[in-house]
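Where a number appears in this text, it was derived from the coordinates with a stated rule and is not lab data. The structure presented is a predicted model; accordingly, all values stated were derived computationally and were not measured. Backbone-built Cβ (ideal geometry, glycine too); neighbour counts: all protein chains shown.
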């Protein structure tokens with residue numbers, strides 16, 4: 001029997017999956033990734049090749065036993081009468097050094113006793129396939145959970161969806177076959193259907209040894225996770241410490257550079273302040289126009305100038321003016337300049353001589369420019 005179903009409508013079931021399902025999916029993904037990082041010999045130690053399997057089958061000559069041990073790659077078979085199945089099982093296991101508790105016992109049932117169906121699930125259902133497939137089976141078929149055994153395999157389709165192949169058999173088929181061979185259902189780990197190598201297979205129970213193997217694998221992977229976590233923590237701490245040391249060195253260099261810059265800025269500010277004061281005070285020093293106006297104001301009408309020269313000295317305070325001209329009373333000009341607010345320290349620079357053409361005394365005198373009081377405090 002065969003049935004095809006579309007699982008696209010089961011997305012709501014995926015969203016309703018329990019946190020435990022999502023946690024299990026995440027852990028399974030982590031295990032796969034961790035195993036890919038391990039050397040092959042470690043993988044073999046954590047996850048052995050598999051448990052031996054002993055298949056009980058019936059043919060024309062009697063009961064046929066087929067032993068397959070993937071660890072030692074042993075394959076054996078023999079035929080025994082139906083009444084001696086239990087003894088034959090013990091004998092074949094003893095010959096190959098196997099314990100009954102370490103072997104999965106299976107039965108072959110007629111192909112007509114299995115029901116198969118196909119499901120197409122969205123890729124989002126990857127973390128809850130077991131739950132979805134079982135719920136969909138109970139909802140879409142007349143089967144009841146207490147009346148059946150079921151199992152499934154998955155594959156990824158080209159379009160990215162998950163293709164699920166599920167098989168179902170009724171419990172009474174397994175019970176009838178076990179009774180024919182004189183075995184208890186509790187001893188049966190799996191059943192297969194049909195006669196070819198690709199026959200469907202249903203696991204009835206998970207072997208104890210497999211759980212032990214899984215526990216060992218989980219413990220090993222947990223230890224690996226702790227080791228990797230510790231390594232990452234140590235590397236992270238070392239990288240952070242190296243970064244802090246580098247930053248400390250850079251901060252020290254930057255601090256020294258900042259101190260030098262601060263000193264230069266202070267010096268520049270001081271110089272700018274001095275320069276600003278000098279410019280301000282120089283703007284207050286009398287110029288040539290001021291000297292010309294003052295000389296025109298204080299000179300008497302009997303005197304006039306033929307030359308007026310403003311001489312800058314080595315500094316602002318040593319600026320002076322030179323006057324050359326004619327006057328009816330040249331010596332009296334010294335006192336005249338001395339009463340000025342602009343000129344100071346006036347004196348003749350050459351003897352007074354009578355000019356016969358102008359009928360005046362020719363003179364040449366020099367006076368210093370009076371500097372403002374505020375400017376006198378500034379050193380050049």
Query raised in the report: According to a simple spin-label model (label point 7 Å from Cα along Cα-to-Cβ), what is the distance in nm between residue 159 and residue 96?
Result: 4.4 nm
Query raised in the report: Quick one: if you stick a label point 7 Å off each Cα along the C-beta vector at residue 145 and residue 353, how many nm between them?
Result: 14.0 nm
Report task. If a/c stays under 1.5 just call it rounded; otherwise compare a/b with b/c (prolate if a/b is bigger, oblate if not). Do that for segment 61-207, with a ≥ b ≥ c from the square roots of the Cα gyration tensor eigenvalues. Result -> prolate
Query - Least to most buried among 151, 266 (fewest other Cβ within 10 Å first) - result: 266, 151
Query raised in the report: What percent do you get for the relative contact order of segment 288-376 when only Cα pairs under 8 Å and 6+ apart count?
Result: 28 percent
Query raised in the report: Listing 369, 162, 334, 298 from the residue with the fewest other Cβ atoms within 10 Å to the one with the most, what is the order?
Result: 334, 298, 162, 369
Query raised in the report: Nearest 0.05, what FRET efficiency do residue 84 and residue 59 give at R0 = 22 Å with Cβ-Cβ as r?
Result: 0.90
Report task. Mind jotting down the three principal axis lengths of segment 288-376 based on Cα atoms? Whole angstrom, largest first. Result -> 46, 23, 20
